[in-house]
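The values are calculated or read from the model by the stated rules, or taken from the named source; none is laboratory data. Just so it is clear, the structure is predicted and the values come from calculations on it, not from any experiment. Note: ideal-geometry Cβ built from the backbone for every residue, glycine included; neighbour counts use all protein chains shown. Side chains are part of the model used for accessible areas, which takes the heavy atoms of the whole protein and leaves out ligands, DNA and RNA. Shrake-Rupley method; radii C 1.70, N 1.55, O 1.52, S 1.80 Å.
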Amino acid sequence: MRTSVIPGAAVAAAAALLLSACSVEDSAAGGESAPQETAAEVALTELRPDLAAKVPEQFAETELVMGVSEFPPYNTFEADGTIVGLIPDLSAQLSAMLDIEISVQKSTFDSTITGIESGRYALSAPAGDFVERQEKVDFADFAQSNVTVLVNNQADFTPAESLDLCGKTVGVEKGTGTENVVGAVSELCEDAGETVLEVNAYADKNAGVLALQSNRIDALVAPSAANESVEAEAGGTFTTIKIEDMQSLPAATATYGIMMEKDTGLAEVIVEALNELHAEGTYQALFETWGIPLSQIEPERFAVNGSDQLQAG
């Protein structure tokens, strides 16, 4: 098997993205509040007076604080204290469209639901829309997480179905839902009379991407956002593959929403805004700009509490 060499900076950047990215479920990173910074690649949309008029009065004349945990490329905490990513850019679009002020600030994921309930935060994203959470908060669903397979382009391995992974060595992040996914693939292999997967569970995805780069594993199994970010940073060294028959396996998918206080009516307005952003192409442009096109959802899935998935599995 041939070995490719990635320039040190590219490997470090790609590994850092994986190190801080979430699994199919949610994870968190700590921090204090920081100002929002938006990218200039996608032009701001125009004010929609009809939608702005629907914003509940309690949100119309006040700063809406969006607490976010680090999850590149949705939210990346820069060394100078700014926050960049798809969520700050989407927040800017919603602010312009609805004539509201959304301020994106650093938080930890485990504090966001209680923060919303206490009034410290008005919003948080991305957050997995699970039935258990819907009892406490509302979600405006806007994205998805699908399990994907990252491969080294120099290794001549391009799996098209789950059984193509039989007998291969794959990497996952320890303790995440992807362990359930690869376990289910091994069961499929065993049922088909094939060799099960050899699974290397890493303490973080940083170690996994370095193992893939050095061909110590054949593939790295992780959510689409994490793998696509690595692919984009590594300059053609890796390819992210979405294997369709893996998507129905346990813990393979999740719906991401913008989380907010329950029963205020704001979620319904944001869903309408998402539909208009999609109709004009801004929604798609944001996901393309941030390198995660596979995380988009179709407009019919823009919904309030649209997921019926249980967090427990």
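Points to keep in mind about this one:
- Qualifying positions in region 29-67 - open to solvent by less than 60 Å² (accessible area, probe 1.4 Å), closer than 30 Å to residue 203 by Cβ and at pLDDT below 50: 29, 30, 31, 34
- Restricting attention to region 138-161 and to residues that are of a type in the set (Gly, Ala, Ser) and surrounded by fewer than 23 Cβ atoms within 10 Å (Cβ to Cβ), the residue that is nearest to residue 87 (Cα to Cα) turns out to be 160.
- Any hit, region 106-118, residues being open to solvent by 10 Å² or more (accessible area, probe 1.4 Å), touching a strand residue (DSSP E or B) at 6+ places or on another chain (Cβ under 9 Å) and within 27 Å of residue 43 (Cα to Cα): yes
- Taking region 202-303 as the region of interest, none of the strands (runs of 3 or more DSSP E) fully inside it holds 3 or more residues being modelled with pLDDT of 95 or more and surrounded by fewer than 20 Cβ atoms within 10 Å (Cβ to Cβ).
- If only residues of region 119-133 that are more than 18 Å from the chain's Cα centre (by Cα) and under 19 Å from residue 145 (Cβ atoms) are counted, the one that is least open to solvent (accessible area, probe 1.4 Å) is 131.
- Positions within region 68-83 being surrounded by fewer than 20 Cβ atoms within 10 Å (Cβ to Cβ) and aliphatic (A, V, I, L, M), in sequence order: 79
- Some residue of region 86-103 being open to solvent by 70 Å² or more (accessible area, probe 1.4 Å) and either at pLDDT below 80 or among the hydrophobic types (A, V, I, L, M, F, W, C) (or both): no
- Picking from residues in region 104-135 that are touching a helix residue (DSSP H, G or I) at 6+ places or on another chain (Cβ under 8 Å) and modelled with pLDDT under 95, the one that is farthest from residue 308 (Cα to Cα) is 107.
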